[in-house]
Amino acid sequence: MSNVDLGKAPLRELNAMLHALAPATNETHWIVTNPGGKHAIACGVDAPVTIDIEGHVGYYCGGMNKRATILVSGNAGVGVAENMMSGEVRVRGDASQAAGATGCGGLLVIDGNASARCGISMKGIDIVVKGSIGPMSAFMAQAGNLVVLGDAGEALGDSIYEARLFVRGNVASLGADCIEKEMSAEDKSILRSVLKRADLADSVSPNDFTMFGSARRLYHFHIDNVDAY
């Protein structure tokens, strides 16, 4: 087990050590103390390790993550797990704007609430928010699944492509080209799988959610749809 105290060691030193890890490293468990809201903690990690961060983090924690499991025992700033490729990032508190933005894979779990633009331009990531999300979430979402156990703010799924949005609570309003959709057996199976990965399968039923997705009117410009652009 490796311990790094960011109250004493420079953040650059921590990230350099994480980037230097070999694929078959035996340094598989890292504990980071006194993060102090610093930005870009554990960014660009490409190794199958677990990183426990004991406290609040700033912008882009876990950004570009690949294969690592990153646990944040606190709140996260803007862009947590931004552009994640694989692995997991779990936030025990709340997350600021753009959580999981442009994520291509992996799993992001937020125990609290997420602010505006959660899942913006997501490209394959699975995001589970146990609380509620802010406005303009899943804006231009292209692929992946956004699961919200609470409520969703205004303009959910604006200009969405093919991502699936599952909301258990209320939705303030839908964005351009985002509509409510009937959940098929395949959709329920996908939702059940995401809930299981987030350790929620035994406490949350897929039947409690409403699914939203693309009406596919904006894929190609058509004069009849001009008001939707």
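No value in this document is a laboratory result; all are computed from the given coordinates. No experiment lies behind these values; they were computed from the predicted model shown. Neighbour counts run over all protein chains shown; Cβ positions are idealised from the backbone, glycine included.
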CD proxy, 222 nm, the chain: helix-only mean residue ellipticity via -39,500 (n - 2.57) per DSSP H run with n ≥ 4, per residue, nearest 500, stands at -3000 deg cm²/dmol
Computed on Cα atoms only, the convex hull of segment 106-185 has an orientation-averaged projected area in nm² of 4.5 nm²
In terms of the charge dipole of segment 2-228, which places +1 on Lys and Arg and -1 on Asp and Glu at the beta carbon, the residue among Ala114, Pro48, Cys61 farthest towards the positive end is Pro48
Rounded to 0.05, the calculated FRET efficiency for the beta carbons of Ser184 and Ala20 at R₀ = 41 Å is 0.35
Relative contact order as a percentage, the chain, C-alpha pairs under 8 Å and 6+ apart, gives 10 percent
Burial-style ranking of 173-182, 15-24, 148-157, 79-88, average other-beta-carbon count within 10 Å with highest first, yields 79-88, 148-157, 173-182, 15-24
Per the Cα gyration tensor, segment 167-219 corresponds to an equivalent ellipsoid with semi-axes, largest first in Å, of 23, 13, 9
Taking every alpha carbon pair in segment 2-228 and sorting the distances into 5 angstrom bins from 0 up to the bin holding the longest one, the percent per bin comes out as 2, 8, 16, 19, 18, 14, 10, 7, 5, 2, 1, 0, 0
For the chain, longest principal axis from Cα atoms; helix 185-197 axis from its Cα atoms; angle between them, nearest 10 degrees, is 20 degrees
Magnitude of the Cβ-charge dipole (Lys and Arg +1, Asp and Glu -1) of the chain about the Cα centre, nearest 20 debye, reported as 340 debye
Taking the convex hull of the alpha-carbon atoms of segment 1-55 and averaging its shadow over every direction gives an area in square nanometres of 3.3 nm²
Residues other than Ala116 with Cβ under 14 Å of its Cβ, Lys/Arg counted +1 and Asp/Glu -1, net out at -3
